[in-house]
Structure formats: C-alpha cells, structure tokens
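Trainee: The structure is given below, and queries will be raised subsequently.
Please treat every number below as a calculation from the coordinates, not as lab data. None of these values were measured; they are calculated from a predicted model. Glycine also receives a Cβ, built like all others from the backbone with ideal geometry; neighbour counts cover every protein chain displayed.
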Amino acid sequence: MDMVNRKLLFIKCMYVSVFLVLVSFITFAQRPVDKVYPWLDSAHSRWFYFSSACRPFGMVSLFPDNRTDEDWDSGYRYEVDSIQDFSHVHEWQLAGVAVMPVSFDMRDRAKLFNDYSSRFLHSKETVRPGYHSVFLEKYTLRAELTATNRVGFHRYTFQNSKHQGIIFDLGKHLGPSDISEGGFAKVNDYEIRGYVVNAPTFRRSRSATVYFCAVFNRPVKEIILQEGTEQRNGISKWSGKKGVVLLTFANQTKAPLLMKVGVSYTSEEGAAENLKVEAPGWSFDTVRNDAENQWNSMLSRIQIEGGTALQQQRFYTDLWHAIQGRRIISDADGKYTDCTGAQPIVRQLPLDANGKPKFNMYNSDAFWGAQWTLNTLWQLVYPEVAEEFCNSFVEYYKNGGLIPRGPSGGNYTYVMTGASSTPFFVAAWQKGIRGFDIETAYAGLKKNHLPGGMMSKIGYEHNTAKGGGLEFYMEHGYVPYPLSDTIYGMHQDGGAITLENAYQDWCLAQLSRALGKTEDAAYFTRRSENYRNIYNAKERFMVPKDKHGNWQKPFDPLITNKGFEEGNSAEYIWFVPHDLPGLFSLMGGADSAVTRLNKQFEVSEWHRFCNEHPEMAEPGVVEFGAVKAPSAARKFINDQRTWTNYSNQPGTQMAFIFNYAGAPWLTQYWSRMVVDSAYSKVSPYYGYNGDEDQGMMGSLSVLMKLGIFQMTGGCEADPKYELGSPLFPKVTITLNPKYYKSKQFVIETAHNNSQSPYIQSVLLNGKPMNKFYFRHSDIVNGAHLLIDMGAEPNKNWGKE
C-alpha cells in the first residue's frame with residue numbers, strides 16, 4: 001500500500017469513527033450491562049449455566065430453580081412454568097440453601113410442606129445481571145433477588161393479607177447434589193444460622209458443606225419443622241435429614257419482607273462475617289445498583305461501536321457468560337476449606353499490608369479447551385483474574401500435591417483429561433502475568449506431566465492414577481485405545497489423550513525454556529512430537545491404536561467417543577496447534593491441508609457448524625479418501641457425526657488453521673460464517689448449541705467477533721494474536737495498567753459489513769502489517785489496528 005492510499009484509509013477510518021460515535025450515542029444509548037440477554041439458551045444446558053443475582057465470580061449465584069432433580073436440564077429452565085425454590089449456590093458440583101417465600105391461611109399451612117412451588121409468567125419477570133424479579137402467582141407476591149459476592153439479598157412484596165413466611169428446605173436434592181444433611185439454630189428473633197451438606201457425587205468424591213446465616217428485617221414469629229411426615233411447632237434448633245423449615249412473620253402487606261443470606265464453606269461464623277462485611281445495611285436497591293455497576297464495569301472494558309443492536313446484544317451476553325461461571329470459595333477474610341487431605345481443614349490465604357486477602361480461592365469446571373478461549377480473553381481483558389486463578393491453583397498444589405484441572409468443594413475432581421491447567425499458566429507467564437510463585441507453580445505443572453500427576457488420571461479417577469496411560473505414553477509415544485479391560489474413570493479415549501498430552505508437553509517446554517530449564521525443555525519438546533505416532537497415512541486421519549500397536553478397525557472418522565473425547569477423528573486430526581507445519585507435512589503439504597479443511601467447512605455449513613443445531617437441512621456428500629459425509633440428516637444429528645463442530649471445545653481452532661497454511665482469506669471467511677451461523681441469535685432456545693462449560697464458548701464467541709485468536713493458546717514467547725474477520729467497525733479494549741504500558745488496544749475497520757468479511761490491508765500503529773498476526777508486546781506498548789475490509793479476498797495479504 002502506497003503512502004497516499006494509507007493516508008486515505010486513515011482519513012476514512014477517522015470519519016467512520018466520528019460517525020459511529022454519533023450513531024452509537026443516538027441508537028445504542030445503553031450501557032453494556034443493559035444489552036445483556038440473560039435468557040440466552042436457558043431452555044437447555046445445566047444446573048450452573050443460567051445466572052442472574054450474582055457478582056462476577058461471586059460465591060453466591062441466586063436465582064429460581066424450575067427443576068432440581070439432576071445436574072443436566074436443571075436449575076432455571078425457561079420452558080418450565082413453575083418455580084420450586086430460590087437457591088443460593090449454583091456451582092460446578094455444588095448446590096445449597098434453597099428458600100421460598102410463601103403466604104398462607106392457617107388452615108392450609110400444613111399443606112405448604114408437601115408442595116410449596118408456584119407458577120409464574122415470564123411477562124411478570126425481570127432478569128438483569130445482578131438482579132432477578134418474578135411474581136409468584138400462587139402466593140400473589142413479588143420476589144426480588146440481588147447479591148454481593150457472598151450474600152444473597154431478598155425483597156418480598158406481598159399483595160394479600162394472608163400470613164407470611166419463608167421456607168428453608170434443608171434436605172432436598174438440588175441439581176448435582178443430594179443434600180444429605182442439614183440443620184439450623186435460631187440466634188435471636190431476627191437471625192438464624194445453619195448448614196446443608198452436599199453428599200458426594202460421581203465427580204466430587206467427598207461431601208461439601210455450605211453454611212449460612214440469614215437475617216430478617218422483621219422478627220420471626222414462629223418456626224415450624226417438618227421432618228419426614230412429622231411436623232413440630234416452636235422449634236428453635238434442629239439437625240438431621242430431609243428437614244423443611246417454615247419461618248412465619250407478622251403481616252405487614254405494605255412493607256416488604258427483607259432477608260439477607262450470607263454463605264460460607266468454612267463455618268456458620270464465616271457466613272455471618274461475610275454478611276457483616278459485604279451487606280451491613282438494609283437498602284436492597286443500593287446492593288442491586290452496586291451489583292449492576294460492577295457488572296457494567298467488567299463488561300465496559302470492551303467498548304464496541306457500530307454493528308446492529310442484535311449484534312451488540314449478543315456480544316455483551318457472550319462476554320457476560322465468559323466471566324460468570326467459575327466462582328469464589330474463600331470467605332471475605334481469606335479463610336477457605338481445604339478438602340484435599342484426609343479431613344477438611346480451614347486454612348488462611350496470605351494477606352496484604354491492609355489485612356485483605358491477596359487473592360481468592362476458586363471452584364472451577366475443567367480448563368479443558370481453555371487454551372483457545374479463557375487463556376486469550378481473560379489474560380487480555382481481565383489479567384488480574386487470570387493471576388488470581390494461578391495463585392489459587394498453586395494453593396491447591398501446596399495443600400494436596402497437585403495443580404488441579406477442575407476443583408470442586410476445595411478438592412480435586414480429576415474432571416476430563418490431561419494437564420489442562422498447563423497452557424493457562426504458561427500463557428499467563430509469557431504475557432507478563434507473574435504475580436504468583438513461578439518456581440512452585442512449575443514444580444506442580446511438571447509433576448502433572450509425570451507419573452502420578454494429572455496426566456496419569458482420566459475423568460473422575462479418584463483413587464488410582466492409571467487411566468491416563470501416562471507410563472505407556474512415555475515409553476511408546478501414544479496412549480492406547482482401549483487402554484485395558486479395567487475402567488478407571490470416564491474419558492479413556494487414547495487418541496484424544498495422546499494429542500492433548502503432546503500439545504501440553506509443548507506448552508510446558510516453552511515455560512521450561514523461559515525459566516532456563518534446558519533439559520526439561522528438550523525432554524518435553526521431544527514428547528510434543530508424539531502426535532505423529534497416531535497419524536495413519538493410509539486413512540489420512542489420526543487413528544487410535546491398541547496397546548499392541550494395531551490400528552482401530554473398523555475406523556470411522558465421524559464416530560464420537562471411540563478413542564476421541566467429545567469429538568471424532570475428523571475434528572481431532574487438526575489438534576496439533578503447536579506444530580501445524582509438521583501436521584501439514586504428514587498430510588502432503590499445506591495446499592492439501594487447505595483443500596481438505598475447506599471441504600470440512602463446506603459440508604458442515606448445512607448444520608451451521610454445530611452438532612445440536614435445531615435448524616438442520618439435508619447435507620451433501622463430500623469425500624475424504626474412502627470416507628464420505630453422511631447422507632441422512634437425522635442420523636447425522638443423532639450420531640453427532642460432524643466434520644466441523646463449534647458447539648464444543650475440541651475443534652474450535654479449526655477456522656484459524658488456514659492462516660498457518662497460506663490461506664488467511666479462508667480463516668476470514670469461515671470464522672465470519674461460524675459467527676453468523678452459530679453465535680448470532682438471541683433466544684432462550686438457542687445460544688451455544690451444546691455445553692457452554694462455564695464461559696468457554698462465550699469467550700470463543702467474543703474472540704471471534706473481535707477477530708483475534710491464539711492458536712497455541714498464547715504459550716510461545718511473546719505470543720501471537722492471529723487475525724480473523726472482526727465483526728464491529730470499532731472495538732476499544734481498556735487495559736489493566738498493572739500489566740500493560742498502554743491504556744488501550746483498538747481494533748478499527750473500514751468498509752466492514754455483512755458482505756465484506758475479507759481483510760484487504762492492515763495498518764498497525766500507522767505502518768503496514770502484512771503478516772496475519774501481531775505480538776503481545778504490540779498490545780503492551782499500544783496497538784491500534786486499522787483494517788480495511790472487502791467483499792472479495794485479497795489473497796496476497798497475510799501470507800508472509
């Protein structure tokens with residue numbers, strides 16, 4: 001691009017920016033928090049997916065439960081027309097403190113215990129980040145909910161003259177957990193304290209106790225307990241199984257009944273202290289506004305301009321999901337319960353000079369797939385959160401001897417496979433997020449890659465360390481499928497584990513090199529080439545091998561969970577993010593790789609690149625060697641026979657592989673097509689088309705709309721950010737000054753519309769950028785991208 005054209009592009013972008021500011025002010029005069037659509041996909045998914053009355057990463061996640069009987073298809077479910085309760089903990093393998101406001105006549109009071117649910121209408125419901133309001137038809141009362149990090153705040157406005165009460169169900173099954181035991185004690189007329197015990201689950205092998213302290217703005221008149229079929233009045237203290245407690249209050253129909261419920265995993269006293277610290281007053285609206293403002297502050301770190309109102313709404317809904325699922329388990333004073341040993345131990349986090357905890361402890365579903373989602377988004381926009389998670393996971397290592405890949409209830413769950421936390425730590429360090437003990441972290445990460453560590457265990461393998469097949473992998477260079485006749489846990493899929501281990505070994509090698517540990521770097525680099533050992537040149541796919549070295553027969557690259565975890569060989573063939581040139585070489589060169597990958601996207605377009613999409617059409621037939629795409633749409637859906645799947649993590653990097661194969665215009669085209677097809681609508685019935693996994697698919701959607709991606713998960717030195725097809729005319733990311741020299745990172749586009757997905761040229765800080773990527777150091781020092789878009793591909797750009 002010559003100097004004249006560069007100046008013209010700059011002037012055009014400046015005019016576009018001014019125009020967008022005016023349009024945004026006139027058309028979208030809303031804060032980011034106002035654009036969130038909380039009902040997205042709420043007719044599907046699982047116990048912890050939906051959210052309303054909570055703070056970012058808060059311990060309390062308070063909202064109505066429409067179903068409570070299982071982990072999946074439970075919690076808030078849009079199509080269910082009755083509310084069972086309002087519970088305070090909706091977490092990865094945790095639940096607790098279910099309550100329900102009620103009104104009643106004395107003669108019908110006993111019936112409440114048999115069924116206290118109530119019908120409701122969405123037309124009388126308001127849901128926003130940090131707030132939930134719903135009208136309970138059965139009791140003619142409005143229930144409003146908000147929260148601090150560790151306190152649920154309730155406001156109940158009754159519209160009849162009946163007796164008023166609140167039910168505490170201390171024994172019902174809630175989502176993933178059976179509540180095996182509970183109890184309470186009346187402290188005074190305005191306060192009760194108690195606990196509920198989450199019984200062990202298949203995933204969380206030990207019980208976990210949730211303690212609570214509830215205070216009211218009116219005195220409690222009477223407490224009635226039902227235990228089994230027996231009812232007792234005038235109770236002030238109880239513990240046992242399957243207990244339901246009714247607290248009654250004096251009738252004051254014009255004045256709302258207020259309740260604050262502090263929660264803790266350490267003790268009832270910890271719950272009371274959390275309440276005292278975080279919610280000392282009685283102004284519901286103040287807490288609600290604070291919650292909403294906190295959400296808005298987090299969401300506002302990314303300011304988008306232009307696009308449609310729907311696109312902006314979906315973007316901020318995705319970003320909201322990206323920062324809400326994984327939750328705090330430590331108290332306000334830094335105490336937390338460590339359950340990694342034989343008995344639970346209450347421990348204390350390190351404090352700063354002001355006596356405040358230096359970081360929080362966290363619960364978390366797996367980081368399986370986070371290399372392409374949370375790594376990039378959190379470490380760019382919320383680096384202080386990424387640093388807290390690193391510190392939290394190091395704390396687990398100090399306590400229990402392993403860095404977790406998904407802890408629950410203060411203990412390991414061994415969820416999924418591999419050492420999925422390794423890329424997260426490595427990427428953080430490479431990006432200058434270094435406020436954690438790196439030597440201790442490295443010791444824990446290395447241990448996870450050796451026998452007895454996380455790589456030795458597969459899904460929920462609590463008592464052995466054999467299911468991961470690590471010793472076999474170290475000796476023979478692959479994990480066999482089947483590994484043995486013994487089922488040690490879930491996810492014993494040797495093909496996927498081999499590829500995952502190889503990538504994670506490469507990540508650890510990068511950290512080893514950065515820390516000057518050259519022998520480790522060489523060793524783990526050699527292991528990172530193990531992906532080659534399951535490439536079958538005849539089939540032209542990654543094919544599982546048994547322990548005798550025999551290839552899987554019959555082999556079908558579209559079969560899911562037969563050696564490949566939550567995916568198939570058609571997706572996992574591309575799971576070599578650390579050595580794409582090596583993969584292309586096995587395939588016969590980059591051109592061959594482009595051809596077959598492009599075919600996979602073409603055949604997947606009919607089902608919108610997802611395996612659970614509700615709007616399917618009949619596919620065509622596309623050949624890959626001897627393998628053909630299926631011809632029966634219904635069989636395709638039922639068998640999840642997908643060539644390209646953006647409803648789960650294993651293949652979410654596929655659109656960006658074209659960048660590395662010399663065809664960046666195809667990355668631009670297909671990444672935009674995926675966004676438009678899979679992540680564009682706003683509906684209770686549509687959203688992520690699968691398991692959103694605590695922010696991962698929300699993060700992916702955000703990154704693809706920003707037009708940036710990190711193939712290696714950001715684990716190389718001075719990590720690359722690859723370009724896709726930015727959706728919005730302008731994006732401004734406010735950077736945390738603790739980690740970045742620059743205040744902002746700006747991505748600006750010209751001629752950007754639904755018919756112009758292709759990059760024509762790029763200016764980085766006013767200078768031509770002809771590579772398809774830029775570096776993390778560019779962002780640190782201040783990056784302003786000006787991208788000219790067009791309707792036709794520029795096949796000369798980005799091939800350097």
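Trainee: Could you go through the stretch 357-367 in sequence order and give the Karplus-derived ³J(HN,Hα) for each residue, using 6.51 cos²θ - 1.76 cosθ + 1.60 with θ = phi - 60°, rounded to whole Hz, and x for Gly and Pro?
Mentor: Per-residue couplings from phi come out as x, 5, 7, 9, 8, 10, 8, 6, 5, 4, 8 Hz.
Trainee: If neighbour count is taken as other Cβ atoms inside 10 Å, put Y758, Y37 in order from fewest to most. Present the calculation step by step, with values, prior to reporting the outcome.
Mentor: Working: Y758 22, Y37 19.
By the 10 Å Cβ count, ascending: Y37, Y758.
Trainee: Tell me the angle of helix 268-278 to the major Cα principal axis of the chain, expressed in degrees between 0 and 90 and rounded to the nearest ten.
Mentor: Compared with the principal axis, the helix lies near 70 degrees.
Trainee: For the chain, what does -39500 (n - 2.57) per DSSP helix run (n ≥ 4), summed and divided by total residues, give at 222 nm, in deg cm²/dmol to the nearest 500? Provide the component values of the computation, followed by the final result.
Mentor: On the way: 19 runs with 221 residues, N = 800.
It comes out at -8500 deg cm²/dmol, rounded to the nearest 500.
Trainee: Taking H placed 1.01 Å from N in the peptide plane, check which residues at least 5 places from G406 or on another chain put their amide H under 5 Å from its amide H.
Mentor: When sequence neighbours closer than 5 places are left aside, the close amide H contacts are T413, Y414, V415.
Trainee: Then there's this: Can you list the aspartates and glutamates whose alpha carbon sits under 19 Å from that of K237, skipping same-chain ones fewer than 8 residues off?
Mentor: Straight-line reach from K237, under 19 Å: D169, E181, D189, E191, E222, E227, E268, E269.
Trainee: If R0 is 41 Å, what FRET efficiency do you get for A199 and D108 from their C-beta distance, rounded to 0.05? Walk me through the numbers before you get to the answer.
Mentor: Details: r = 32 Å, r/R0 = 0.79.
Calculated transfer efficiency: 0.80.
Trainee: With Kirkwood's inverse mean 1/r over C-alpha pairs for Rh, give me the Rg to Rh ratio of the stretch 281-375, two decimals please. Please report the intermediate quantities before stating the final value.
Mentor: Values: Rg = 18.0 Å, Rh = 16.8 Å.
A ratio of 1.07.
Trainee: I'd like the distance separating the alpha-carbon centroids of the stretch 422-442 and the stretch 688-730, in whole Å.
Mentor: Here the two parts' Cα centres lie 20 Å apart.
Trainee: Let me ask another. Between G369 and residues 5 or more places away or on another chain, which pairs have amide H atoms under 5 Å apart, with H built 1.01 Å from N, and which residues are they?
Mentor: none
Trainee: Please list the non-local residues whose amide H lies under 5 Å from the amide H of T340, H modeled 1.01 Å from N, same-chain partners needing a gap of 5 or more.
Mentor: none
Trainee: With +1 on each Lys and Arg Cβ and -1 on each Asp and Glu Cβ, and nothing else charged, work out how big the dipole of the chain is about its Cα centre, in Debye to the nearest 20.
Mentor: 960
Trainee: Moving on. Taking the Cα centre of the stretch 679-782 as origin and charging only Cβ (+1 Lys, Arg; -1 Asp, Glu), how large is the dipole, in debye to the nearest 20? Mind showing how you got there, number by number?
Mentor: Values: 10 positive and 8 negative charges, 92 e Å.
Once rounded to the nearest 20, the dipole reads 440 debye.
Trainee: Report the charge-dipole magnitude of the stretch 143-205 in Debye, nearest 20, computed about the Cα centre from +1 at each Lys and Arg Cβ and -1 at each Asp and Glu Cβ.
Mentor: Numbers: 8 positive and 6 negative charges, 29 e Å.
It comes to approximately 140 debye.
Trainee: If we count other beta carbons within 10 Å of each Cβ, what is the order of C715, C339, fewest first? Walk me through the intermediate numbers first.
Mentor: Working: C715 31, C339 24.
Least crowded to most crowded, the residues run C339, C715.
Trainee: Determine the alpha carbon to alpha carbon distance for each of K398/K446; K553/K599; K681/K705; K172/K241; K186/K356; K260/K335 and list only those over 19 Å. List each step's numbers first, then the result.
Mentor: Details: K398/K446 14 Å; K553/K599 25 Å; K681/K705 13 Å; K172/K241 9 Å; K186/K356 31 Å; K260/K335 21 Å.
Listed pairs above 19 Å: K553/K599; K186/K356; K260/K335.
Trainee: How far apart, in nanometres, would the label points at T140 and N160 be if each is projected 7 angstrom from Cα along the Cα-to-Cβ direction?
Mentor: 0.6
Trainee: Let me ask something else. Quick one: if the Förster radius is 45 Å, what FRET efficiency do K599 and S82 give, using the C-beta to C-beta distance and rounding to 0.05?
Mentor: On the way: r = 48 Å, r/R0 = 1.07.
After rounding, the FRET efficiency stands at 0.40.
Trainee: Can you spot the lysines whose alpha carbon is less than 19 Å from K138's alpha carbon? Ignore those fewer than 8 places along the same chain.
Mentor: Qualifying lysines at Cα under 19 Å: K111, K124, K162, K254.
Trainee: For the residues D365, D178, what sequence is obtained by ranking on other C-beta atoms within 10 Å, fewest first?
Mentor: Details: D365 25, D178 16.
By the 10 Å Cβ count, ascending: D178, D365.
Trainee: Report the percentage of all Cα-Cα pairs in the chain whose separation exceeds 36 Å, rounded to a whole percent.
Mentor: Details: 145236 of 319600 pairs.
The proportion of pairs with Cα distances above 36 Å equals 45 percent.
Trainee: Using only Cα atoms, find the angle between the long axis of helix 696-706 and the longest principal axis of the chain, and express it within 0 to 90 degrees, rounded to the nearest 10.
Mentor: Taking the Cα atoms of the chain, the angle to 696-706 is about 50 degrees.
Trainee: Two-decimal Rg/Rh of the stretch 47-299 from alpha-carbon positions, Kirkwood Rh? All intermediate terms of the calculation are to be shown ahead of the outcome.
Mentor: On the way: Rg = 16.5 Å, Rh = 17.8 Å.
That ratio equals 0.93.
Trainee: Additional query: How far is helix 438-448 tilted off the main Cα axis of the chain, in degrees rounded to 10, range 0 to 90?
Mentor: Helix 438-448 sits roughly 80 degrees off the main axis of the chain.
Trainee: What is the spin-label model distance, in nm, from S592 to N251 if the labels are put 7 Å beyond Cα along the C-beta direction?
Mentor: Computed distance between label sites S592 and N251 equals 8.4 nm.
Trainee: Taking θ as phi - 60°, what are the ³J(HN,Hα) couplings along the stretch 683-690 by the Karplus curve (6.51, -1.76, 1.60), each to the nearest whole Hz, with x for Gly and Pro?
Mentor: After applying 6.51 cos²θ - 1.76 cosθ + 1.60, I find 6, x, 9, 8, x, 10, 6, x Hz.
Trainee: Provide the descending list of Cα extents for the stretch 318-455 along its principal axes, expressed in whole angstroms.
Mentor: So the extents along the principal axes, rounded to whole Å, are 38, 35, 28.
Trainee: OK, next. Quick one: length gained pulling S117 to N536 fully straight, 0.36 nm per residue minus the C-alpha distance? Write out the running numbers ahead of the final one.
Mentor: On the way: separation 419, 0.36 × 419 = 150.84 nm, distance 5.71 nm.
Stretched out fully, the S117 to N536 stretch lengthens by 145.1 nm.
Trainee: Also, I was wondering about something else. ³J(HN,Hα) across the stretch 381-387 via Karplus (A = 6.51, B = -1.76, C = 1.60, θ = phi - 60°), whole Hz, x for Gly/Pro?
Mentor: Computed from phi, the couplings for the stretch 381-387 are 9, 10, x, 5, 5, 4, 5 Hz.
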